[in-house]
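Take a look at the following structure, please.
The values are calculated or read from the model by the stated rules, or taken from the named source; none is laboratory data. Given the structure is predicted, the values throughout are model-derived calculations rather than measurements. Positions of Cβ are backbone-derived with ideal geometry, glycine not excepted, and every protein chain shown enters the neighbour counts. The area values use the complete protein model at the heavy-atom level, side chains included, leaving out ligands, DNA and RNA. Shrake-Rupley method; radii C 1.70, N 1.55, O 1.52, S 1.80 Å.
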Amino acid sequence: MRFFLFLCLFPAIVSAQHPSAKRIRRYVHYLASDAMNGRGTGSPENASAAQYIENQFRRYGLKPLGTTGFRQSFTAKVRRVVVPDSLRPAENVIGFLDNGAPYTIVVGAHYDHLGMGRQGSSLDSLPQGKIHNGADDNASGVAGLLELARYYAGNRKKEPYNLLFMAFGAEELGLQGSRYFLNNPTLPLATLNFMVCMDMIGRYNPERGVGIGGYGTSDTWPAVFKGVASPIRFFTDRPGNGGSDNAAFYAKQIPVLFFHTGGHPDYHKPSDDPDTINVEAEKHILDLEITLLDRAMQQPKMVFTPVK
Ligand SMILES: [Zn+2]
């Protein structure tokens, strides 16, 4: 009875779960374990990663907004290297938090990586047959996606915008999942307010800080960032047209923010391993994203500004 009363008095404490380093570690260690064989597009492990993400979305109570349930299937093409199986099945995983609002904010991260080094883009001298774990790239971003979905789905608040959580397939083959979605959207593109992309947010370096691209893609961003403080260092960068899936949204004239902790010697190598992820810093990056998202949701729908 007393416990019940406690639940009634403090529902926010029970349900609004801010990102946790422990969960981030768990997601990254699952997605980037050797058993996942690098989540190459078309592989069974890539499909397992999609299923893992769908299970979480389902658990949070998100509405499926793919074309078949949470999934949006497409055929990806390997173009950078010549392989017999250049056409590979791929999927986006899409969950919707419906707040009954007219406009929607997209939060996205790609979940594919380079697999066993047979789809191009590896920086290893002999990549074939080596597991490219992709812990930073981009299990770290998927962990962020899952934590933000969990937070907003569980906070019992009706935000003034809907949120669309998307795990993209085939990013490493050239933004193919995000482009496919934008050319075959499951809700009208005109209703999208802006897109937040996380790609490689696990290698926080206090000397550099976390970079936030896309600051110039709407004149509203300066008001959103004004006076925002964080225990971690961050800096903004005006362009939003490079680095990851945010570039595909930018090309459709949708404002973006792109979170990235920077390059490192393990980038696109088999050594991009789970133990190298700074989960404590990532937790603070995600808290910062929540602050920025909450502030952005106090603003009217953004107007896109191209960045030269
Ligand atoms: Zn990536």
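Can you give me the convex hull volume of the Cα atoms of region 242-308, divided per residue and expressed in Å³? Walk me through the numbers on the way to the answer.
On the way: hull volume 7.5 nm³, N = 67.
Residue-normalised Cα hull volume stands at 113 Å³.
Across region 148-307, how large is the tail of the calculated P(r) beyond 28 Å, expressed as a percent of all Cα pairs? Intermediate results must be reported in sequence, preceding the final value.
Values: 2359 of 12720 pairs.
Everything past 28 Å amounts to 19 percent.
Which semi-axis lengths, in whole Å and largest first, follow from the square roots of five times the eigenvalues of the Cα gyration tensor of the chain?
Numbers: eigenvalues 166, 94, 83 Å².
Equivalent-ellipsoid dimensions as semi-axes: 29, 22, 20 Å.
Can you list residues from other chains, or at least 5 along the same chain, whose modelled amide H is less than 5 Å from the amide H of Val196?
Those lying under 5 Å, H to H, from Val196 are Val106, Val107, Gly108, Leu257.
In region 46-185, how does Rg compare with the Kirkwood Rh, expressed as the Rg/Rh ratio over alpha carbon atoms?
Numbers: Rg = 15.9 Å, Rh = 15.7 Å.
Here Rg/Rh amounts to 1.01.
Still on this structure: Could you look at the chain and say what percent of its accessible area is carbon and sulfur, using a 1.4 Å probe and all protein chains?
55 percent
Which of the chymotrypsin sites (Phe, Trp or Tyr not before Pro) found in region 223-308 are loop residues per DSSP with 16 or fewer other Cβ atoms within 10 Å of their Cβ? Display every interim value, and only then the final one.
Working: sites: Phe225, Phe234, Phe235, Phe249, Tyr250, Phe258, Phe259, Tyr267, Phe304; in loops: Tyr267.
Listed in order of number, the matching sites are Tyr267.
Right, here's the next one. Picking from Asn162, Asn278, Pro306, whose Cα lies most toward the positive end of the charge dipole for the chain (charges on Cβ: Lys, Arg +1; Asp, Glu -1)?
Asn162
Averaged per residue, what accessible surface does region 201-299 expose to a 1.4 Å probe, in Å²?
On the way: 4020 Å² over 99 residues.
With the other protein chains kept in place, region 201-299 gives 41 Å² per residue.
OK, next. If amide hydrogens are placed 1.01 Å from N in the peptide plane, which non-local residues have theirs closer than 5 Å to the one on Ser218?
Hits under the 5 Å cutoff: Thr305.
Counting only heavy atoms of the protein chains, get the accessible area per residue of region 30-73 (1.4 Å probe) and round it to a whole Å² value. Numbers along the way, then the final one.
Numbers: 1840 Å² over 44 residues.
On a per-residue basis, region 30-73 sits at 42 Å².
Just the Cα atoms of region 176-251, one point each, no solvent: what log10 I(q)/I(0) does Debye give at q = 0.12 Å⁻¹?
For the requested q values the scattering log ratios are -0.41.
Counting only DSSP beta bridges with both residues in the chain, what percent are antiparallel, rounded to the nearest 5?
Values: 19 of 39 bridges.
DSSP beta bridges in the chain are roughly 50 percent antiparallel.
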